[in-house]
Amino acid sequence: MNQLIRCKNCDEIFMKTPFDQYPEYEFGSGRSLDNFRSVERDDFQEFLIHHHGHQLENLKVIEDSFVSEKAYSEPVKASFLKATNGKERFVVKKFRERIDEPLKYLLVPGDYSLKCITVEVQSEEIAKQLKREFKPPLAQGKIDAFLKLYRAIVEDVAIEDLERIPEESDRPLEVYYRIDDVSLMYLLRNCHNIFKGREYSAMEEFIHRHKDDGVLLLKATYRIQFTEIAKPEKKGTPASLPFEEEKIVKKR
Ligand SMILES: [Zn+2]
């Protein structure tokens, strides 16, 4: 279990992980296995010694607060999370500047929220799949008309009401959502204006087949918005900047 500990005197934090007491392996200058030495490390002990006599407290990481501009799998990056001691809320920057460095944790002033920038239909993916599955092929004009219709319907969708499909994305700021049933019905109904007879039936099957498997998922892109909170001792700056609550663009 990871444990986040804050020194109230120094305003420093430590993330205690199960790995802190594992030995770390290093290459010696010769780079042969003989020079492979293990270095006993106990970072937590070091933290405790450094903050001896200081007041320490446990922080609880706020669920779903993790944000980062880079992919989950990217090792060199900065990410942010929020934590609380039950009374105050803190922003923690977690970062690594080089791949061979351990992760560092830093308390940073201010706050952040996520802003939804765009909600897109996966036009390329849909067109590709329609071309692959329709025999005889659909006319390009009909593919374009379908994409235009789907985009128009998505414009009226409130993204925060949709079901999130987290496994579809490896980037924290790109989130996929499943279209709701009402919009789906509306899409099907309007497809009657583009497709007739057997073509319509095939299209209906296509929509049901792909609403869950990724092709018809909506892709929302978010941006991290940082809010600085000005320090009160600084003169000439406002006591606090307007605080932007977590907000998602609503078009409805
Ligand atoms: Zn301290």
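Some notes on this structure:
- Rg and Dmax of region 107-228, Cα atoms only, in Å: 16.9, 62
- Residues PHE66, PHE90, ranked from the fewest to the most other C-beta atoms within 10 Å, line up as PHE66, PHE90.
- Three-way shape label, region 69-151, alpha-carbon gyration tensor, a/c 1.5: prolate
Every number here is computed from the coordinates shown, using simple stated rules; none is lab data. Computed from a prediction, not measured in an experiment: that's the story for all the values here. All Cβ positions, even for glycine, are placed from backbone atoms using ideal geometry, and neighbour counts span all protein chains on display.
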